[in-house]
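The values are calculated or read from the model by the stated rules, or taken from the named source; none is laboratory data. What you are looking at is a predicted structure, and each value in this text was computed from that prediction instead of being measured. We place every Cβ from the backbone using ideal geometry, glycine too, and count neighbours over all the protein chains shown. With ligands, DNA and RNA removed, areas are computed over all heavy atoms of the protein, side chains included. Shrake-Rupley method; radii C 1.70, N 1.55, O 1.52, S 1.80 Å.
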Amino acid sequence: KIDPNVYIGPYSIIGKCIINRGTNIHPHVVIYDNSVIGENVTIEAGSYIGATGVAWAWDKSGERIIQPQIGGVKIGDDCFIGTNVTIVRGSVNENVEIGHHTLISHGTKIGHGVKICPYCHFANNVSIAGSVTIGERCFLGSAAVVSSNIRLSENIIVGAGAVVVNNFNESGIVITGVPAKKQGPVSVHKGVPVNKK
């Protein structure tokens, strides 16, 4: 179901999905079945929405059990998805959820069952493992990595190259390093344009 006011660029492949009005799909984008794209979303060239992820567990006999990847992806309104971003679909009965007004830069990878709350910003080449929850208004620096099943509270800044292996339930903090540790409160957002009058 594609709204008449959607632009789809050349060589894009669109599965059984819903794409709402005002959305721009650039060339060479693939949107798989069970994806819902909100209004006024931009998805730049070479990105994959709803691809098959990989999730597995060992059973008692040591056999590897592959978990079915049959969920979906829901992208909220007014999001920006940069070039070469991959957002895999949810496992079994879950969806990957990208909150409205979220910005995701080039090369980012997002695993199954991830929930990203509204107004988040990911710099380039961020990697998010499965079943992660990221609170509202978080910023993840370039090449940050978040391990599976991690929870981040709202308004957290994750430094470039940080590896997050623990939950952070305190809002408004900066975390950096390998493994990531709290460095202090958020004081000023670097990289915000300043009006120099």
*In whole Hz, what ³J(HN,Hα) sequence does segment 35-40 give by Karplus (6.51, -1.76, 1.60; θ = phi - 60°), x for Gly and Pro?*
9, 10, 10, x, 7, 6
*Under the definition of Cα pairs under 8 Å and six or more residues apart, what whole-number percent is the relative contact order of the chain?*
10
*Work out the count of Lys pairs in the chain where the Cα-Cα distance is under 15 Å, with the pair 8 or more places apart or on different chains.*
4
*Tell me, what ³J(HN,Hα) does each residue in segment 125-131 have, in order and in whole Hz, if you take phi through Karplus 6.51 cos²θ - 1.76 cosθ + 1.60 with θ = phi - 60° and put x for Gly and Pro?*
6, 7, 10, 10, 6, x, 6
*Rounded to two decimals, what is Rg over Rh for the chain when you use alpha-carbon atoms and the Kirkwood radius?*
1.00
*Grab the beta carbon distance between E170 and I18, set R0 = 30 Å, and tell me the FRET efficiency rounded to 0.05.*
0.25
_If R₀ is 41 angstrom, what is the calculated FRET efficiency for the pair S142 and D59, using the beta carbon separation as r and rounding to 0.05?_
0.60
*Selection of GluC sites (Glu not before Pro), segment 2-85, meeting DSSP coil and at most 16 other Cβ within 10 Å*: E63
*Taking Cα centroids, how far is segment 1-77 from segment 115-162 in Å?*
20
*asked:* Let me spell out the model: positive unit charges on the Cβ of Lys and Arg, negative unit charges on the Cβ of Asp and Glu, origin at the Cα centre of the chain. What dipole size does that give, in debye rounded to 20?
replied: 420
*Pop out the ³J(HN,Hα) list for segment 68-83 in order, Karplus 6.51 cos²θ - 1.76 cosθ + 1.60 with θ = phi - 60°, rounded to Hz; leave Gly and Pro as x.*
x, 10, 10, x, x, 9, 10, 10, x, 5, 6, 8, 10, 10, x, 5
*Any chance you could look up the accessible area of E94 with a 1.4 Å probe, heavy atoms only, rounded to 10 Å²?*
50
*asked:* Testing the spin-label approximation: label points 7 Å from Cα along Cα→Cβ at Q183 and E154. State their distance in nm.
replied: 2.4
